[in-house]
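Everything below concerns the one structure shown next.
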Amino acid sequence: MPELSYPQSGAASGKGRHLGLAVFVAVIVVGAVYCATHLLADLQPVRESSVLPYLLLGTALLIALGFEFVNGFHDTANAVATVIYTHSLAPNLAVVWSGAWNFLGVLTSSGAVAFGILQLLPVELILQVGSSAGFSMVFALLIAAIIWNLGTWYLGLPSSSSHTLIGSIIGVGLMNQLMHGTNGTSGVDWNQALGVGRSLLFSPLVGFLAASLLLLILKAVVRIPALYAEPKGKEPPPFWIRSLLILTCTGVSFAHGSNDGQKGMGLIMLILIGTVPTAYALNKAVTPAQTQTFVAVAQQTSATLAKYTRGAAPSADPRADVETYVRTRQLTPATLPALQQLTDVIGRQVGASGSMAAVPQNAVDNVRNNMYVASEAIRLMEKAKQPPFAPEDAKVIDNFKAQTDHATKFIPTWVKVAVAIALGLGTMVGWKRIVVTVGEKIGKQHLTYGQGASAELVAMLTIGAADVYGLPVSTTHVLSSGVAGTMAANGSGLQWATVRSLVLAWVLTLPASIALAAGLYWVFRAVF
């Protein structure tokens, strides 16, 4: 198998690479200054009696960004493997180019994946994220994910960062349940976990089958021998093939940033809400006019829910009753009256302030938790279709949920920039181990241009579609299985020792990350 190499470029090409690197570094510096400025501005009105929250905030942010940094050089290496092994781009230029498009992918992401991942966590830990249990949760799942990612990177195994993080979240939920018993904890949302698990399970199968099928179709339709040839020495491919491969590399990098970057965003928002809830529990970008609309929608929702309460007696503690439903998924006669009362409470709390930004500091956390619990209850009711709301009533209730999500499930621009910087820098560091595995050790023959384009096009489309639907998928699994699929379709043969190692890493990632996170959560609960 040929070793990793690329053409020696001339002085002009070298200057171009240096210019590109200088521009990328300048963007990183400007982004870092932007993040620091906005974080300090957000913290300016906050009055903390102790320095401890700021220390916890700084430590947790560093760990969360460290996870994204490791994710960058662990996962994004897959995006550049094909352009490097087909000599379409020199390695240094390829990783800078990929890092830049990861950066842009993060900045334009929707946030749907971020909050979909967080729904795996026990609701009581999210509501008490600023407590010792909340900090233990955040530190445990992030450190466990980093440890496993670094271990598999050191061995050159393209395992999934998404898989690792989800396993860590499940580990924290399981240990939390073991420590508290079945009472008082929702444990793991297994329905949500199964949905996420299916997307992670089927994505490599989709990658393998779709990439192999695409290559076969390409061979039947596009009868140009140069597209299916191996690179000749260190020469780059013809211009049109090179353009195609750079385009697919760009698409995979952008899609990876858009999907994978969101996982770090969701965790950073948990950290911010837990350490400085005054600044981040509610979306202060909601205008006074939007706030008045929210209050009107809350009143309309309360009147709608009243149709289904059947005159039940008021709840002594409406949020506790709604929390019980969220934990148990069991609808009781007390649930709907409690949800109606909680909707009234939320409307009064926000209406009395005039705007989200004006909610008193000592009430912000309570208002946010009321909104979160109400939104989760509505989500579960819609999913279970219980109770069976009339279509026009369901629209009113769903509108209220959308309004509360806008107020609580938001990501400031500076958080996106911070994650983009970490992911982009990670792309430029430590990429070679994974690239060598993908480029040299999956198939018995050198990667052809058509194989590289097929694998990356499938990865780009699969990850992009998953982002639209808010599903976490593994860039690593999709692309490495896509390369294997093209090797099989091309009759190139597979290196079964590598395939077995990849499958083993795929199988072990979930139980290993669950065990790591569970153990760390137990240790941190004793420490904090």
Q. Can you find a residue in segment 68-87 that is closer than 30 Å to THR248 by Cβ and at pLDDT 85 or above?
A. yes
(Q) If I go through segment 53-87 residue by residue, how many of them are among the small types (Gly, Ala, Ser) and not in a helix (DSSP H, G or I)? (A) 0
Q. What residue, of ILE241, ILE217, ILE246, is open to solvent by less than 20 Å² (accessible area, probe 1.4 Å) and either touching a residue at least 40 places away in the same chain (Cβ under 8 Å) or assigned to a helix (DSSP H, G or I) (or both)?
A. ILE241
Q: Taking the residues in segment 140-152 that are closer than 15 Å to GLY72 by Cβ and open to solvent by 20 Å² or more (accessible area, probe 1.4 Å) as candidates, determine which candidate is modelled with the lowest pLDDT.
A: LEU150
Q | Sole exception among (1) in contact (Cβ under 8 Å) with a residue 24 or more places away in the chain; (2) open to solvent by 10 Å² or more (accessible area, probe 1.4 Å); (3) not small (Gly, Ala, Ser) for PRO91, by number | A | (2)
Q: Could you tell me which numbered condition ARG433 fails, if it satisfies all but one of (1) under 17 Å from VAL483 (Cα atoms); (2) charged (D, E, K, R); (3) modelled with pLDDT of 75 or more?
A: (3)
(Q) Being touching a Phe, Trp or Tyr at 6+ places or on another chain (Cβ under 7 Å) and within 30 Å of LYS409 (Cα to Cα) narrows it down to one residue among GLY251, GLY257; which is it? (A) GLY257
Q. Of the residues that make up segment 79-88, is at least one over 30 Å from THR328 (Cα atoms), surrounded by fewer than 24 Cβ atoms within 10 Å (Cβ to Cβ) and more than 18 Å from the chain's Cα centre (by Cα)?
A. yes
Q. What are the residues in segment 481-528 that are buried (at least 20 other Cβ atoms within 10 Å of the Cβ), within 15 Å of VAL172 (Cβ to Cβ) and not hydrophobic (A, V, I, L, M, F, W, C), if any?
A. SER513, TYR521
Q: May I ask you to list the residues in segment 153-176 that are modelled with pLDDT of 80 or more and closer than 18 Å to SER474 by Cα?
A: THR164, LEU165, ILE166, GLY167, SER168, ILE169, ILE170
Q: Report yes if GLY105 is assigned to a helix (DSSP H, G or I), more than 24 Å from THR408 (Cα to Cα), open to solvent by less than 10 Å² (accessible area, probe 1.4 Å) and in contact with a helix residue (DSSP H, G or I) (Cβ under 8 Å, 6 or more places away or on another chain), otherwise no.
A: no
**Q.** Subset tally (residues that are part of a helix (DSSP H, G or I) and over 26 Å from ILE271 (Cα atoms)) for segment 88-99
**A.** 8
Q.
Tell me whether segment 362-369 contains one or more residues that are under 31 Å from the mean Cα position of the chain (by Cα), buried (at least 21 other Cβ atoms within 10 Å of the Cβ) and among the basic types (Lys, Arg).
A. yes
Q. So which residues in segment 328-346 are more than 18 Å from ALA394 (Cα to Cα) and either aromatic (Phe, Trp, Tyr) or open to solvent by 10 Å² or more (accessible area, probe 1.4 Å) (or both), if there are any at all?
A. THR328, ARG329, GLN330, THR332, PRO333, ALA334, VAL345
Q.
Among the numbered criteria (1) assigned to a loop (DSSP other than H, G, I, E, B); (2) modelled with pLDDT of 85 or more, which one does THR37 miss?
A. (1)
(Q) Scan segment 121-139 and tell me whether some residue there is assigned to a helix (DSSP H, G or I), among the acidic types (Asp, Glu) and modelled with pLDDT of 85 or more. (A) no
Q) So which residues in segment 376-417 are without any contact (Cβ under 8 Å) to a residue 40 or more places away in the chain and over 25 Å from the mean Cα position of the chain (by Cα), if there are any at all? A) LYS385, PRO388, ALA390, PRO391, GLU392, ALA394, LYS395
Q.
Six or more apart or on different chains, Cβ atoms under 8 Å: show the pairs whose first residue is in segment 318-343 and free of Cβ contacts under 8 Å to residues at least 24 places away in the same chain and under 22 Å from GLN300 (Cα atoms) and whose second is aliphatic (A, V, I, L, M) and not in a helix (DSSP H, G or I).
A. ASP321/ALA334; PRO333/ALA312; ALA334/ALA312
Q: Answer with yes or no whether VAL478 is β-branched (Val, Ile, Thr), crowded, with 22+ Cβ neighbours inside 10 Å and outside any helix (DSSP H, G or I).
A: no
(Q) Residues that are more than 30 Å from the chain's Cα centre (by Cα), open to solvent by 10 Å² or more (accessible area, probe 1.4 Å) and modelled with pLDDT of 85 or more: does segment 272-290 have at least one? (A) yes
Q. Hey, does segment 101-110 have a residue that's modelled with pLDDT under 80 and within 10 Å of MET428 (Cβ to Cβ)?
A. no
Q: Mind listing whichever residues of segment 508-528 are of a type in the set (A, V, I, L, M) and touching a His at 6+ places or on another chain (Cβ under 9 Å)?
A: LEU510
(Q) List the residue pairs whose Cβ atoms are under 7 Å apart, where the first residue sits in segment 22-36 and is more than 15 Å from MET428 (Cα to Cα) and open to solvent by 60 Å² or more (accessible area, probe 1.4 Å), the second is in a helix (DSSP H, G or I) and among the aromatic types (Phe, Trp, Tyr), and the two are 6 or more positions apart or on different chains. (A) TYR34/TRP414
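The values are calculated or read from the model by the stated rules, or taken from the named source; none is laboratory data. Keep in mind it's a predicted model, so treat the numbers as computed, not measured. Here the Cβ is made from the backbone with ideal geometry for all residues, glycine too, and neighbour counts use every protein chain on show. All accessible areas refer to the heavy atoms of the entire protein, side chains included, with ligands and DNA or RNA removed. Shrake-Rupley method; radii C 1.70, N 1.55, O 1.52, S 1.80 Å.
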